[in-house]
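These notes are about the structure you will find just below.
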Amino acid sequence: MSATPLLDVQDLHKAFGGIAAVDGVSFRLARGELLAMIGPNGAGKSTCFNCINGQLQPDRGAVRLDGRDIAGFRPRAIWRLGVGRTFQVAATYASMTVAENVQVALLSRERQLLKWWPRAAAMHRVEALELLDQVGLRALADQPCSALAYGDIKTVELAVALANRPSLLLMDEPTAGMAPRERSALMILTRRLVKERGIGVLFTEHSMDVVFAHADRIMVLARGRLIAQGAPDEIRGNAEVAEVYLGSGRLHAGGLA
Ligand code: ADP
Ligand code: MG
């Protein structure tokens, strides 16, 4: 007997002006699993993500979160059901402190429950500091985000995403713009936190080093279709995948080679 997967995408389709951007994509994601979605530019990765997070309405197909089909739900409703996201370009409030950014996220999560609660912000301060401790940023809690290095801002963003206690985290190029060492540190941290919490992660990533070092499983999209999925070693040895990357000139040392 198999348990209900955290995320179960079945036969997802999305076209723009008659051009199929996502063309019959099906995959599953388990709790605590880090699943990378890779593929050349234009393969349909962002479209696929946006059909899951509600930014786009799929033309057809199912997006089941914990068994419930959320395809076509509004982004806010999907967020409330526990789907968090981080963005390719970090989206924190520069003028607020690190702790305040996390407090706002915590307030946002509980607004329905706590709008009448005058001490909500004070309560959230304690919880925010705990969360910052877990991501290793406790010492920077009272710094404005504008004073932080980019790698630290991306880490704040991770804390902000975790504040909503997501069951599924969608990460769009989490390490974009970061130096190689920072990338590795952020992925190791992400991996530890999501494994501890049993959160499933779906991420896109340009750096093949990051993908092959940190993903549990990799799926490869090309022209809207899934051409391969499997463990990093299986994908590394897949001839069709190598061809897609060779064809786009993106095979490089440390990547699929
Ligand atoms: P990726 O993220 O893998 O680079 P995208 O999902 O952004 O790929 O794009 C897949 C295809 O869909 C591309 O051909 C792209 O031009 C097209 N596309 C994506 N978004 C839109 C849109 N809003 N309107 C029209 N075409 C789009
Ligand atoms: Mg994209």
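The values are calculated or read from the model by the stated rules, or taken from the named source; none is laboratory data. Worth saying up front: this structure is predicted, and the values here are computed from it rather than measured. Backbone-built Cβ (ideal geometry, glycine too); neighbour counts: all protein chains shown. Surface accessibility is based on the protein's heavy atoms, side chains included, excluding ligands, DNA and RNA. Shrake-Rupley method; radii C 1.70, N 1.55, O 1.52, S 1.80 Å.
When region 27-41 is limited to residues that are within 16 Å of ligand 2 (Cβ to nearest atom) and in a loop (DSSP other than H, G, I, E, B), the one that is least open to solvent (accessible area, probe 1.4 Å) turns out to be Gly39.
Among the conditions (1) of a type in the set (A, V, I, L, M, F, W, C); (2) at pLDDT 95 or above; (3) outside the structural domain of Cys48 (by TED's automatic domain parsing), Leu202 misses just one, which is (3). Identify the residue in region 42-57 that is more than 9 Å from ligand 1 (Cβ to nearest atom) and surrounded by 19 or more Cβ atoms within 10 Å (Cβ to Cβ) and, among all such residues, is nearest to Leu6 (Cα to Cα). This residue is Ile52.
Taking the criterion of being among the hydroxyl-bearing types (Ser, Thr, Tyr) and either outside the structural domain of Ser207 (by TED's automatic domain parsing) or within 16 Å of ligand 2 (Cβ to nearest atom) (or both), the only residue of region 168-195 that qualifies is Thr175.
Looking at Thr204, is it under 12 Å from Leu35 (Cβ atoms) and among the polar types (S, T, N, Q)? So Thr204 passes the test. Picking from residues in region 125-149 that are open to solvent by less than 30 Å² (accessible area, probe 1.4 Å) and outside any helix (DSSP H, G or I), the one that is nearest to Ile199 (Cα to Cα) is Val135. For region 60-78, does any single residue satisfy the condition of being surrounded by 18 or more Cβ atoms within 10 Å (Cβ to Cβ), within 16 Å of ligand 1 (Cβ to nearest atom) and part of a strand (DSSP E or B)? Scanning region 60-78, I find at least one residue that is surrounded by 18 or more Cβ atoms within 10 Å (Cβ to Cβ), within 16 Å of ligand 1 (Cβ to nearest atom) and part of a strand (DSSP E or B), so the answer is yes.
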